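Asks: First, the structure itself, so that you have it in front of you.
The values are calculated or read from the model by the stated rules, or taken from the named source; none is laboratory data. Predicted model, so just to flag it, every value in this text is computed and none were measured. A quick note on method: Cβ atoms are made from the backbone with ideal geometry, for glycine too, and the neighbour counts reach across all protein chains shown. For the accessible areas, the whole protein counts, side chains as well, though only heavy atoms, and no ligand, DNA or RNA atoms are used. Shrake-Rupley method; radii C 1.70, N 1.55, O 1.52, S 1.80 Å.
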Amino acid sequence: SAGVVRILRPDGETAGTGFLVSEDVVVTCAHVVAAACRASDSEVTVVFHHTTSSLDAHVDLKYLEGAKDDDIALLTIATP
């Protein structure tokens with residue numbers, strides 16, 4: 001459970017789940033990112049399952065191209 005994160009919508013509710021694939025990279029679904037992105041930027045908030053601490057993460061926009069077919073998104077945690 002140490003590598004599981006909740007990805008929050010701007011209203012604080014859960015948009016979906018993501019999984020750490022390295023120290024500061026989370027993989028999730030593009031449709032989760034679409035629900036979670038703040039209107040004016042490409043940042044989302046993630047909450048770690050095992051600690052309940054929240055951090056901001058940057059959406060890697062280059063991986064969202066073609067997301068309709070693959071439904072994959074990568075996030076980089078601002079402060080690992």
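Asks: Out of (1) surrounded by 13 or more Cβ atoms within 10 Å (Cβ to Cβ); (2) among the hydrophobic types (A, V, I, L, M, F, W, C); (3) outside any helix (DSSP H, G or I), what's the single condition that is false for residue 35?
Replies: (3)
Asks: To continue, here is another question. If you scan the stretch 23-32, which residues turn out to be surrounded by 18 or more Cβ atoms within 10 Å (Cβ to Cβ) and either farther than 15 Å from residue 76 by Cβ or modelled with pLDDT under 90 (or both)?
Replies: 29, 30, 32 - these are the residues of the stretch 23-32 that are surrounded by 18 or more Cβ atoms within 10 Å (Cβ to Cβ) and either farther than 15 Å from residue 76 by Cβ or modelled with pLDDT under 90 (or both).
Asks: Which is open to solvent by 80 Å² or more (accessible area, probe 1.4 Å), more than 12 Å from the chain's Cα centre (by Cα) and modelled with pLDDT of 90 or more, of 65, 13?
Replies: Unique residue meeting the criteria: 13.
Asks: Which one of 45, 76 is closer than 16 Å to residue 23 by Cα, β-branched (Val, Ile, Thr), within 9 Å of the chain's Cα centre (by Cα) and at pLDDT 90 or above?
Replies: The match here is 76.
Asks: Here's a follow-up. In the stretch 42-58, which residues are over 13 Å from residue 75 (Cα atoms) and open to solvent by 30 Å² or more (accessible area, probe 1.4 Å)?
Replies: Once the filter is applied, which keeps residues that are over 13 Å from residue 75 (Cα atoms) and open to solvent by 30 Å² or more (accessible area, probe 1.4 Å), the stretch 42-58 yields 49, 50, 51, 52, 53, 54.
Asks: Quick check on residue 20: is it open to solvent by less than 50 Å² (accessible area, probe 1.4 Å) and within 11 Å of the chain's Cα centre (by Cα)?
Replies: Here the answer is no, as residue 20 does not meet what is asked.
Asks: Still on this model: Within the stretch 9-32, take every residue that is touching a helix residue (DSSP H, G or I) at 6+ places or on another chain (Cβ under 6 Å) and not in a helix (DSSP H, G or I) and give me the one that is farthest from residue 69 (Cα to Cα).
Replies: The residue in question is 9.
Asks: Which numbered condition trips up residue 1, out of (1) in a loop (DSSP other than H, G, I, E, B); (2) surrounded by 14 or more Cβ atoms within 10 Å (Cβ to Cβ)?
Replies: (2)
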